[in-house]
Each structure stands twice: as C-alpha cells, then as structure tokens.
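Report on one structure; see the data block that follows.
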C-alpha cells in the first residue's frame, strides 16, 4: 500500500495537505512528499556546490586548487553517475537527448592529445565529466517532478547564503583592504559573498536573478519566496559594484520577457518586430560605446576597459601558431601567459574574455563548436516556445544561452569543469529535445505521451496535471502568466 501525502482528520473528510506539500506550494524546490526529500537535498546541495559557493571556503589560503573541492566534485559525480546507470533504461532514454552536448565534451577529451599539460587537462576533464554526470542524473531523476522548481529553489539558496555572508561576515564576504601580498586592493569593501572576486559573485547573482524572474511569472503561489530572492539578488548585484553583473541582471531578463511578449503575435509580425529591433539595438549599442569612451576619458579613466583590450590584442599575438587547436583544456594559458608577458609586459592569469580563453584552450575549432552549441540552444528554445511546446523549459533555455553568449565577453564560462554554468546548458539541451520528441498534438503545455511534463515544466504537477486527467483543454495559469 502506498502512503498518501495527505492526512485525513475524520472519515469522509476532504484530505488536508501535509506540511511538506504546503511548503512546496510556496517555496520552489521543496518536495511534496517525504520519499523525495533525500534526493532533493542531494540535488540542491550539488547545485549549490557546482555554483562555486563552497570553493573559497574549502580552498587553503594561497593555494591554486583544493583537494576538498575535488573530492566533493568527484563524490557527486560518482554518486549521480552510479544512480543514473542503475536506473532502468536511463542510458537509452538519455542517449538521443544529450548527444549535442557530447560533441563539445568529446572535443575537450580529444584535446588531451595536444595539451601542453596533460595532467592538468586530465583533472579538468574529470571535473567536467562529473558535472555532466550530475546533470544527467538531475534530468533523469527530476524531469517529471518539477526540475524547474528545483533550480529555482537552488537559486534562492545561493542568493540568500551569499548575500548573508557578505553582510554578516564581512571578513569573508567583502574584499579586504590588502591582497595576500600586502598590496592595496582596488575593490576594498565591495561584496564578494562566498566567492574570491566580486565579479564572480555578481555574475552568479545575475544568473540567479534571471532564473527567479521566470519562476516569478511561472507560478503565482511562489511570488513571495521568489520575490524575496529577487530583491536579495539585486541587492547582491549592487553590492558587487560589477558593471557586467548589473548589465546581465537587467539585459537578459528583459530579453526573456520580450520573447514572452512576442509569442501571441503571428510569425510575420514577430519577423517584422525583429527586423525593426535589430538595427535599433545595434545603433544604441554603438552610440553607448562612444558615449562611454568619451565619459571615461573626461573622468580620467581607462577607456580600454581597465586594460582588457590590451590583454585581448596581446593574447591574439601570443596565440600565433596555435590558433587552430589551442593548448589543451584548462592548460592553454600555460602556452600563452609567458609569451604575453614577453610581447606586452602584461602578466595576468587569463584573457579576461571567455571567447579568447576558449581559443587558448581549444583553439578556433573549439570556439566554433561551443558558439554553435549555444546559438543552437537559443534557436531551439525560441522555436519550442513559439510552437508552445514548453514554457519554462524554452524561456530558461533562451535565457541561459543568451547569458553565456553575452556574459563571456568579459568573463569565461562557456565550458567549465565542476560548474553550474555547464550543468544548465546540458539540462537545456535534454529538456528541449524531450519536449519536441514527446509533445502530443493539441496537448496542454507540458503534457506528453508519457503523461509527464517535458523538461522542468511546472505542468508536471498541480492544476495542469489535474486538468490533463479530466481531459479538459482550458489554459493553465502558468501559460497565461508567461504569455
């Protein structure tokens, strides 16, 4: 006999939801039943870990890597991989869904053959495989139980914990006055949360804000908890004083909202809006760059983005002869750094640009593979959303792809080991492909041939699931909100 999530107070009385069920209606990610509690805790802990929020705390001072971080990443990868393999039919179900993400992974593994530091590349590849294994397990374990809710709940946890540390424990959560070498730091007092640098902290806050905006529109009962997460997330972005985080936290949610507003329009009207908007956006961008350069010059600031353009040009010069394949995954800067110092006198640890950093590791070939990968996610997300295949899946996939394509101009996270920045694109690919493969003609948003929702659609439970069982065709609340 299976246990019910509801408790009866008297014979014939209507069932009253239990505590967990009531919490799950108000806080995303909370399981509705006790049987799901342990798996959810592991999933949320894993997402929190892969967000990078534990790296600084577990890394010895002055060390470049941490055995504890490596051990936790390996443990999560082994646990999730083993559980995934033991689930009947999981490999066969996932093979047809995940293969686009396996192309860049395969090229990364192949880079071992020409890596300038094979041992370092091997460690980074192992971390990448652990993150991929965790993504496969998340999808297989939760795709029919509200994966989007799990991601939104993890985003709230990441935001609240990091901002709380920045406020309550400034010795950890803010930049100190001096560096480890005793030099003055230009970022003194700015928030960095549980991260090593304010830009890493601010960028993660911006990513969580984007996820939470979609969650805010997706389910009305979540709005108090998600609204709290949004407010704290924007507080974190402001505390980081990171220009890139501020831009991403506004631009990407606006883009996602614009996509949602375009869905009711006919294809011809959408094309007209896009045709009119693109030249206007290009004009505004170019004008803003001119204005920014002039203003920085008047203020006596560096118009080269704090020297970034000098680093970019120097990196391209240092890459001559290795542009095609790079220096191996995670090891490319060992090939470029010394050359850059000789050519320009600039001594830095990376190119301050995700696309150039990827070229140093995987060359132009790897850059093309990853760029096509993210553009493919964005185009597939738009197609799925406008065809009404899946709402939350498509909107979040579009947001993740846009966040990566825009954010990597001044950061580096196109493909990272032990990182949520890689877990999310893998989930996007699998969810979009599953939504397209299993969608029934004329079905409700999220209803499929298996009775479960594609990807992390909220239609996996709640009113939409009940409506599907009754056979009615009224629009679901989340469909109205996102339309």
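The values are calculated or read from the model by the stated rules, or taken from the named source; none is laboratory data. Computed from a prediction, not measured in an experiment: that's the story for all the values here. Cβ placement follows ideal geometry from the backbone for every residue including glycine, while neighbour counts extend to all protein chains displayed.
For this structure, a couple of remarks:
- Screening residue 146 against (1) crowded, with 18+ Cβ neighbours inside 10 Å; (2) modelled with pLDDT of 90 or more leaves a single unmet condition, (2).
- In summary, residue 120 fulfils each of the numbered conditions (1) surrounded by fewer than 24 Cβ atoms within 10 Å (Cβ to Cβ); (2) under 30 Å from residue 393 (Cα atoms) with the single exception of condition (2).
- Some residue of region 16-35 being surrounded by 18 or more Cβ atoms within 10 Å (Cβ to Cβ) and farther than 18 Å from residue 222 by Cα: no
- Odd one out for residue 216, checked against (1) closer than 19 Å to residue 403 by Cα; (2) surrounded by 24 or more Cβ atoms within 10 Å (Cβ to Cβ); (3) modelled with pLDDT under 95: (2)
- Selection within region 417-429 - modelled with pLDDT of 95 or more and assigned to a loop (DSSP other than H, G, I, E, B): 419
- The test for being modelled with pLDDT of 95 or more and assigned to a helix (DSSP H, G or I) holds for residue 103.
- Neighbours by Cβ (under 9 Å, 6+ apart or cross-chain): first from region 267-280, touching a residue at least 60 places away in the same chain (Cβ under 8 Å); second surrounded by 10 or more Cβ atoms within 10 Å (Cβ to Cβ) and assigned to a helix (DSSP H, G or I): 267/386; 270/262; 270/386
- From the options 326, 330, 337, 321, residue that is surrounded by 14 or more Cβ atoms within 10 Å (Cβ to Cβ), within 30 Å of residue 125 (Cα to Cα) and at pLDDT below 85: 337
- Residue count, region 204-241 (criterion: under 23 Å from residue 146 (Cβ atoms) and in contact (Cβ under 8 Å) with a residue 24 or more places away in the chain): 23
- Residue in region 300-313 that is at pLDDT below 80, more than 30 Å from the chain's Cα centre (by Cα) and either surrounded by 15 or more Cβ atoms within 10 Å (Cβ to Cβ) or over 24 Å from residue 203 (Cβ atoms) (or both) present: yes
- Where helices (runs of 4 or more DSSP H) fall entirely within region 1-77, those with at least 2 residues that are modelled with pLDDT of 85 or more are at 37-50, 55-58.
- Yes/no for residue 363 being touching a helix residue (DSSP H, G or I) at 6+ places or on another chain (Cβ under 8 Å) and assigned to a helix (DSSP H, G or I): no
- Checked against (1) under 25 Å from the mean Cα position of the chain (by Cα); (2) modelled with pLDDT under 80, residue 295 passes all but a single condition, namely (1).
- Pair list, Cβ < 8 Å and 6+ apart or interchain, from region 413-425 residues that are at positive phi and touching a residue at least 60 places away in the same chain (Cβ under 8 Å) to residues that are assigned to a loop (DSSP other than H, G, I, E, B) and surrounded by fewer than 24 Cβ atoms within 10 Å (Cβ to Cβ): none
- Failed condition for residue 134, given (1) free of Cβ contacts under 8 Å to residues at least 12 places away in the same chain; (2) crowded, with 16+ Cβ neighbours inside 10 Å: (1)
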